[in-house]
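Below you'll find the structure, written out as structure tokens, and then a few comments.
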Amino acid sequence: MRAEFSIAATAMALVMTTPAFAQTISGLDEITVTAQRREQAAQDVPVALTVVTGADLQVRGVTQVNGLEYIAPSFQVESQFGSGQPVYTIRGVGFRDYATNNSPTVGIYVDEVAYTAPVMTQGLLFDIERVEVLRGPQGTLYGRNTTGGAVNVISKRPTEEFEAGLLAEYGRFNRFQGEGYVSGALTDWARLRVSASGTQGGAWQVNRETGQELGDAERFAVRTLLEVDAGDRTELLFNVHYYQDKSDGLGLQLFDASVDSTGGFNPGLAGFQPHEGQRSTSFGASALFEDLTGIPAGTKPFRDNEGIGGSLTANIEFDALDLTYIGAYERFDRAEFLDYDAIPLGGSGVFFESDLDVITQEVRLASNGDGPFSWLLGVYYANEELDENYQSDFAETFGLAVFTPYSQEVDTLSVFGQAEWQATDRLNLQLGLRYEDETRDLIGLGTFSPQIAGGVFNFANGSVDGTLEDRSVDLNEVSGKIGAEFDLTDDALLYATISRGVKSGGFTAYNTLNPAGVDPFEPETLWAYEAGFKSDLLDNTLRLNGAAFYYDYSNQQVQSALFSAAPPPGAVVGRIVNAEESEIYGAEIEAIWRPIPQLTITQAFGYTEAEFSEFNDLDAAATAADIAAAAAEGRDVVPVFIDRSGQNTGVPEITYSGAATYADTLYGDFGFNATVDYSYRDDVSIPLIGSNFDVESFWLLNARLGFGPQDGSWEIAGFGRNILNTDYDEVRNFFDPCCNVAAPGQVATYGVQVRLTY
């Protein structure tokens with residue numbers, strides 16, 4: 001959960017490994033990355049890139065993607081109201097959606113395998129070598145095409161020598177987390193690594209009506225990697241993994257007394273007072289919902305998600321080029337009950353039942369010579385099949401429990417490549433191109449209710465027994481990148497890039513009474529202009545990196561509404577729409593300084609301005625009022641629009657984080673390390689939903705103190721997270737026609753860690 005790991009890894013991601021104990025070197029560590037699909041020092045990569053090591057993730061207890069939020073400037077990971085669906089946003093480019101069917105703006109790769117749906121990315125962060133965060137459009141080196149950026153998760157590989165390790169953590173609210181691995185050679189040509197992670201307990205919220213606790217984790221994951229030398233020039237990597245999450249969901253909070261956001265839609269919902277304190281919550285479901293889903297009325301929010309998959313990565317070296325093949329299969333089953341009204345009635349509860357199957361195939365050819373030209377060429381194919389049933393509890397608002405089943409099929413084929421030319425000893429030029437063809441089909445969507453005769457809503461048109469006609473949206477786009485890198489010195493470079501990113505269109509797969517509700521929204525495109533620098537200064541004791549960017553954003557996909565003339569006199573239909581034009585600009589700076597061998601100081605600052613430059617948005621309330629008037633007067637509806645030009649798109653303007661780590665000898669062969677890290681997130685305003693749902697800015701502070709031998713064979717540490725017990729919200733919204741709710745951040749936690757290695 002984001003709040004629990006509020007500053008996990010902070011600016012320690014600035015291309016370094018946190019020292020376990022006393023440092024014996026004065027310079028900064030160099031980390032090798034594969035952000036450009038070949039091994040390079042991170043400081044030699046001419047892109048905005050942040051890296052955090054697996055060691056930093058482990059000592060901070062970060063085992064879920066939500067804890068990555070503070071590893072890079074201008075980066076947010078927002079859970080969708082306590083669900084297992086994370087939303088990744090980089091530099092203001094994100095996509096808020098709690099259904100399972102749409103693609104993200106930020107690509108997530110695990111051991112080079114693309115995870116096509118955000119909900120699949122939970123449970124990945126254990127036994128990790130490093131995580132790389134690339135900011136800006138990616139596509140000329142990657143199988144998936146994204147407008148926001150990419151996150152690469154790289155697992156630790158099997159070793160030649162036998163190794164084993166264990167990490168155990170116990171914290172407040174009886175939360176236990178464990179992680180372990182064994183690794184070594186099976187033969188002189190095969191190596192195996194098996195790792196596992198599990199989390200139990202941690203219920204920190206309390207139902208204010210019943211006293212029932214909420215927030216227990218119950219997660220387990222295991223990964224097996226088999227590395228095989230199939231000849232002098234061929235290496236195979238088999239990856240088989242499993243993940244299970246039976247945790248509680250997050251309890252939402254009423255943040256004001258305006259329970260009924262429609263101004264009196266249902267007087268029976270009145271009288272509920274705002275929750276007091278971060279730990280207070282409330283939940284409940286109706287008898288109608290129990291009949292529909294089988295979930296007992298008193299059940300607390302929960303997940304029962306399961307993922308299983310496998311991949312084969314083959315690397316073959318030839319005389320003039322290298323061949324890489326990556327084939328993968330992933331299956332994810334989602335079952336999540338979420339209470340979106342934060343009251344003990346069936347005002348707006350939801351239950352997802354989803355089955356997702358994804359097959360991906362990628363083939364790359366890359367040059368391996370030492371000449372001035374280098375290149376990479378790839379082909380990527382993906383097939384996604386999703387079956388989902390979205391069920392809602394509206395017993396206290398509409399007197400209904402409804403369900404919306406549908407299927408979706410996606411076929412993606414892309415060709416991508418990038419070439420580099422070392423024009424001079426100091427000047428390097430890049431050119432990348434990509435063509436992508438995608439078809440996304442929505443099949444058999446309909447909204448039904450047992451409380452309506454026949455169980456079928458009567459759609460105005462396009463209806464066959466309550467099921468809408470199938471929908472389809474295509475993507476046929478060329479994107480690419482032009483870049484230049486100039487080496488000022490051996491330790492400093494400048495770079496500039498122009499790139500174009502594309503994100504697929506899709507469907508608003510929620511309950512709807514109108515065919516327009518599932519008409520596709522269109523793909524979005526983004527032109528990105530960026531210039532930056534990287535430098536190691538002061539005898540390699542100070543690392544200073546920075547970038548400035550400007551984005552020209554077309555057809556940005558946002559949650560809003562549209563007016564449909566059918567059925568007469570018309571209807572306001574909530575759905576994802578395209579904002580005509582937006583612009584985003586900003587800058588980032590990252591610094592890491594080691595003034596003495598024992599002390600490391602890091603800082604990371606991000607500034608982002610994101611606003612609509614052209615968006616004629618529907619005024620839903622005013623249009624709904626005119627629909628009622630038009631029906632009474634027998635005239636056509638005149639929809640009302642709002643000019644959103646100049647309004648914020650809904651991202652924090654400033655993100656800031658820092659840390660100080662001191663490690664030294666304590667006695668003999670024993671040492672200690674102490675870390676204090678902190679983070680700030682600016683306030684967030686989303687004019688599309690109104691100022692009542694602004695999220696205030698907040699600071700978070702963490703600390704850790706560890707002790708053990710300098711050989712790293714064991715360590716015991718105490719930690720505190722959100723040690724100032726900051727009261728803050730992750731996000732706010734309303735679920736019409738019920739309640740104004742907030743997703744609260746977690747209260748202070750503290751505990752001990754024990755780490756053993758062999």
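The values are calculated or read from the model by the stated rules, or taken from the named source; none is laboratory data. All values reported here derive from a predicted model rather than from experimental measurement. Note: ideal-geometry Cβ built from the backbone for every residue, glycine included; neighbour counts use all protein chains shown. All accessible areas refer to the heavy atoms of the entire protein, side chains included, with ligands and DNA or RNA removed. Shrake-Rupley method; radii C 1.70, N 1.55, O 1.52, S 1.80 Å.
Confirm whether E353 is open to solvent by less than 20 Å² (accessible area, probe 1.4 Å) and of a type in the set (D, E, K, R).
Details: open to solvent by less than 20 Å² (accessible area, probe 1.4 Å): no; of a type in the set (D, E, K, R): yes.
So E353 does not fit the description; no.
G184 passes all but one of (1) assigned to a strand (DSSP E or B); (2) out of contact with any Pro (no Cβ under 9 Å at 6 or more places or on another chain); which number fails?
(2)
Can you confirm whether A419 is surrounded by 15 or more Cβ atoms within 10 Å (Cβ to Cβ), touching a strand residue (DSSP E or B) at 6+ places or on another chain (Cβ under 8 Å) and more than 30 Å from G570 (Cβ to Cβ)?
Values: surrounded by 15 or more Cβ atoms within 10 Å (Cβ to Cβ): yes; touching a strand residue (DSSP E or B) at 6+ places or on another chain (Cβ under 8 Å): yes; more than 30 Å from G570 (Cβ to Cβ): yes.
Taking the combined requirement at face value, the residue satisfies it.
Could you figure out which of (1) open to solvent by 50 Å² or more (accessible area, probe 1.4 Å); (2) polar (S, T, N, Q); (3) touching a Phe, Trp or Tyr at 6+ places or on another chain (Cβ under 6 Å) isn't true of Q559?
(3)
So which residues in the stretch 320-347 are open to solvent by 10 Å² or more (accessible area, probe 1.4 Å), within 27 Å of N733 (Cβ to Cβ) and in a loop (DSSP other than H, G, I, E, B)?
P344, L345, listed by residue number.
Given E715, E730, which one is under 22 Å from Q76 (Cβ atoms), of a type in the set (D, E), open to solvent by less than 40 Å² (accessible area, probe 1.4 Å) and not in a loop (DSSP other than H, G, I, E, B)?
Values: E715 fails: under 22 Å from Q76 (Cβ atoms).
Going through E715, E730 in turn, just one is under 22 Å from Q76 (Cβ atoms), of a type in the set (D, E), open to solvent by less than 40 Å² (accessible area, probe 1.4 Å) and not in a loop (DSSP other than H, G, I, E, B): E730.
Can you tell me which of E388, E409 is farther than 30 Å from L288 by Cα, charged (D, E, K, R) and either open to solvent by less than 10 Å² (accessible area, probe 1.4 Å) or without any contact (Cβ under 8 Å) to a residue 40 or more places away in the chain (or both)? Quick ask: steps written out before the conclusion?
Numbers: E388 fails: farther than 30 Å from L288 by Cα.
Being farther than 30 Å from L288 by Cα, charged (D, E, K, R) and either open to solvent by less than 10 Å² (accessible area, probe 1.4 Å) or without any contact (Cβ under 8 Å) to a residue 40 or more places away in the chain (or both) holds for just one of E388, E409, which is E409.
When the residues of the stretch 313-340 are filtered to those that are hydrophobic (A, V, I, L, M, F, W, C) and in contact with a Phe, Trp or Tyr (Cβ under 6 Å, 6 or more places away or on another chain), which remaining residue is farthest from F238 (Cα to Cα)?
To start, the set of residues in the stretch 313-340 that are hydrophobic (A, V, I, L, M, F, W, C) comprises 314, 316, 318, 320-321, 323, 326, 328, 332, 335, 337-338.
Filter once more, keeping what is in contact with a Phe, Trp or Tyr (Cβ under 6 Å, 6 or more places away or on another chain): 314, 337.
Numbers: A314: 9, F337: 34 Å.
Checking each candidate, the answer is F337.
What number of residues in the stretch 213-223 are touching a Gly at 6+ places or on another chain (Cβ under 9 Å) and open to solvent by 50 Å² or more (accessible area, probe 1.4 Å)?
3
Looking at the stretch 547-575, which of its residues are at pLDDT 95 or above and in contact with a Gly (Cβ under 8 Å, 6 or more places away or on another chain)?
The answer is A547, A548, F549, Y551, Q557.
Examine the stretch 607-620 for a residue that is open to solvent by less than 20 Å² (accessible area, probe 1.4 Å), at pLDDT 95 or above and closer than 24 Å to D729 by Cα, and state whether such a residue exists.
Yes, the conditions are met somewhere in the stretch 607-620.
Any idea which residue in the stretch 67-84 is modelled with the lowest pLDDT, counting only those that are in contact with a Pro (Cβ under 7 Å, 6 or more places away or on another chain) and open to solvent by less than 10 Å² (accessible area, probe 1.4 Å)?
Filtering first and then ranking leaves G82.
Would you mention how many residues in the stretch 628-643 are in a helix (DSSP H, G or I) and either open to solvent by 50 Å² or more (accessible area, probe 1.4 Å) or in contact with a strand residue (DSSP E or B) (Cβ under 7 Å, 6 or more places away or on another chain) (or both)? Reasoning before the result, please.
Of the residues in the stretch 628-643, the ones in a helix (DSSP H, G or I) are 628-633.
Then drop every residue that is not either open to solvent by 50 Å² or more (accessible area, probe 1.4 Å) or in contact with a strand residue (DSSP E or B) (Cβ under 7 Å, 6 or more places away or on another chain) (or both), which leaves 628, 631-633.
Total satisfying the criteria: 4.
Among the residues of the stretch 169-195, which ones are in contact (Cβ under 8 Å) with a residue 60 or more places away in the chain and open to solvent by less than 30 Å² (accessible area, probe 1.4 Å)? Write out each step before concluding.
Of all residues in the stretch 169-195, those in contact (Cβ under 8 Å) with a residue 60 or more places away in the chain come to 169-173, 175, 177, 179, 193, 195.
If the condition is that a residue be in contact (Cβ under 8 Å) with a residue 60 or more places away in the chain and open to solvent by less than 30 Å² (accessible area, probe 1.4 Å), then E169, G171, R175, Q177, E179, R193, S195 are the ones that fit.
Might you let me know whether the stretch 658-674 holds any residue that is aromatic (F, W, Y), under 22 Å from S685 (Cβ atoms), open to solvent by 50 Å² or more (accessible area, probe 1.4 Å) and touching a residue at least 40 places away in the same chain (Cβ under 8 Å)? I'd like the intermediate steps shown before the answer.
So in the stretch 658-674, the residues aromatic (F, W, Y) come out as 662, 667, 670, 672.
Narrowing the set further to residues that are under 22 Å from S685 (Cβ atoms) leaves none.
No, that holds for no residue.
Regarding S449, is this residue at pLDDT below 95 and of a type in the set (G, A, S)?
Working: at pLDDT below 95: yes; of a type in the set (G, A, S): yes.
For S449, the condition - at pLDDT below 95 and of a type in the set (G, A, S) - is met.
Is at least one residue of the stretch 197-204 among the aromatic types (F, W, Y), assigned to a strand (DSSP E or B) and open to solvent by less than 50 Å² (accessible area, probe 1.4 Å)?
No, there is no match, as no residue in the stretch 197-204 is among the aromatic types (F, W, Y), assigned to a strand (DSSP E or B) and open to solvent by less than 50 Å² (accessible area, probe 1.4 Å).
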